[in-house]
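Report on one structure; see the data block that follows.
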Amino acid sequence: MRHDLGPPHADFFLALALTIIWCSGAEAKSITIDDSGTTALGPAVSMRWKTATPSRSGGANLMVGSLTVRVRMNVTPWLRHSGRIYLSLPAQQPGPIGLSWITQGRLQSGQVQSGSRVLVYSGPISTPFMEDTLTFQFTLDGTLMHRAVPVSYHFEMDED
């Protein structure tokens, strides 16, 4: 008995195409990194006006403040793998916050706006802890500042 396979079925190719699209469109899973070893090297951020006299016309009423932080991230779960680490600044009160920083070690200097994240490291994870010293500069609209507010940020690892 002879069995001819004949022309391939269209449903097979449709299923194959959908599988390829689904796999290539899959986004990486972000995991918050344990940075409980991170410490501030000074007291709370003291905000000051960016210019000596704030604008009365509703223009740039920016306040700035800086803080140096010794970052210590536990990256043990990703040891001997490559990874992408992001600094994430969630949207928070009192309103839009700008954050820029310079580094002294393995992490990249950069800037981010609240509600976003930015890549600070991409490469091999060769030690259980990743450490660096960052000098943060916070910027926000001074008309929104009525009292001291905490600012939260965290580091995330993308897993494929």
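Here are the numbers for this structure:
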{"quantity": "About the Cα centre, charge dipole magnitude for the stretch 115-160 (Lys/Arg +1, Asp/Glu -1 at Cβ), debye", "calculated": "340"}
{"quantity": "Other-chain or far-sequence residues with amide H under 5 Å of Asp34's (modelled H)", "calculated": "Asn74"}
{"quantity": "Sum of side-chain charges, Gln137 neighbourhood, beta-carbon under 13 Å (Lys, Arg +1; Asp, Glu -1)", "calculated": "+2"}
{"quantity": "Leu41 versus Ser82: modelled label distance in nm, points set 7 Å from Cα along the beta carbon direction", "calculated": "3.1"}
{"quantity": "The stretch 36-160 - percent of accessible surface contributed by carbon and sulfur, probe 1.4 Å", "calculated": "53"}
{"quantity": "Accessible-area value, Ser122, 1.4 Å probe, nucleic acids and ligands omitted, Å²", "calculated": "70"}
{"quantity": "Linear extension gain, Thr135 paired with Ser100, 0.36 nm per residue minus alpha-carbon span", "calculated": "11.8 nm"}
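The values are calculated or read from the model by the stated rules, or taken from the named source; none is laboratory data. Computed from a prediction, not measured in an experiment: that's the story for all the values here. So basically every Cβ, Gly included, is an ideal-geometry build from the backbone, and we count neighbours across all protein chains shown. Ligands, DNA and RNA are stripped out before the accessible areas are found, and what is left, the full protein with its side chains, is counted by its heavy atoms. Shrake-Rupley method; radii C 1.70, N 1.55, O 1.52, S 1.80 Å.
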